[in-house]
1. List every residue pair whose Cβ atoms sit under 8 Å apart, with the two residues 6 or more apart in sequence or on different chains, where the first one lies in segment 77-92 and is closer than 14 Å to L174 by Cα and the second, anywhere, is among the basic types (K, R) and part of a helix (DSSP H, G or I).
2. Of all residues in segment 85-105, which are surrounded by fewer than 17 Cβ atoms within 10 Å (Cβ to Cβ) and in a loop (DSSP other than H, G, I, E, B)?
3. Please determine, by comparing only the residues of segment 143-154 that are surrounded by fewer than 20 Cβ atoms within 10 Å (Cβ to Cβ) and in contact with a helix residue (DSSP H, G or I) (Cβ under 9 Å, 6 or more places away or on another chain), which one is nearest to Q130 (Cα to Cα).
4. Take segment 55-76 and flag every residue that is exposed (fewer than 14 other Cβ atoms within 10 Å of the Cβ) and touching a strand residue (DSSP E or B) at 6+ places or on another chain (Cβ under 6 Å).
5. Quick test for you: out of V108, V79, V115, V75, pick the one residue that is assigned by TED's automatic domain parsing to the domain that holds R161 and either farther than 17 Å from I152 by Cα or assigned to a helix (DSSP H, G or I) (or both).
6. From (1) surrounded by fewer than 13 Cβ atoms within 10 Å (Cβ to Cβ); (2) within 29 Å of the chain's Cα centre (by Cα); (3) under 30 Å from N80 (Cα atoms), pick out the condition that doesn't hold for I40.
7. Please indicate, with yes or no, whether at least one residue in segment 27-38 is modelled with pLDDT of 85 or more, closer than 22 Å to Y4 by Cα and among the β-branched types (V, I, T).
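The values are calculated or read from the model by the stated rules, or taken from the named source; none is laboratory data. For clarity, every value in this text was computed on a predicted model and none was experimentally measured. No Cβ is skipped: glycine too gets one built from the backbone with ideal geometry, and neighbour counts run over all protein chains shown.
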Amino acid sequence: PAGYYVGMCFAASEKRLYSPGQAPEAWQLFLLLAVTLPTISWTLIYYWSRDRWARHPLARTLALYALPQSGWQAVASSVNTEFRRIDKFATGAPGARVIVTDTWVMKVTTYRVHVAQQQDVHLTVTESQQHDLSPDSNLPVQLLTIRVASTIPAVEAFDIRLNSTEYGELCEKLRAPIRSAAHVVIPPEPGRPVPGDLCLSVEVNPAYSVPSSQ
């Protein structure tokens, strides 16, 4: 924005932008934002980078799980090691990715990373949404919202969403059971067919006629 303002000083010299005190009010406001926002951003980045990034929000969260003789870097190394394994559970869109490893439950969004340790969390299915059609198939899809709340007060709770067909795989990766709110219907165990989906699959399949010779 500041570079754009400087360019407009030459492109629109009649507006006298080179003298902010004589420029139109709209351009004065634009210049103020062009200077203030980068200043705040760089100040925040500088603050986070102090003490080897120990003041960053993610580093502070990881530090809650660090042993007394170690720091948040050791926890980050553990998370990275488990993340590289192929047996992790991963689902969700790129802007709201859900990843569950042997020790950690993570939600990676565009601007934030939520992290919680499995042994310290309570998981509760808080919402279930039924959609008539799935983008990937012509069958109905059920989306579950699961609340991940840590027993550590400083760790902020967060929600994860996934397809009900992935619920069984998630349960296999988790150590703690998932509770359900009273108004939410939990899908059946993995491998057990859902009656509604089974009936719909039967209806869409063509009938098979046995030849008279048999």
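1. That search, which allows pairs on different chains as well, returns K88/K173; F89/K173.
2. Answer for segment 85-105, where residues must be surrounded by fewer than 17 Cβ atoms within 10 Å (Cβ to Cβ) and in a loop (DSSP other than H, G, I, E, B): R85, I86, D87, K88, A93, P94, G95, D102, T103.
3. L143
4. Result: no residue meets the conditions.
5. V108
6. (3)
7. yes
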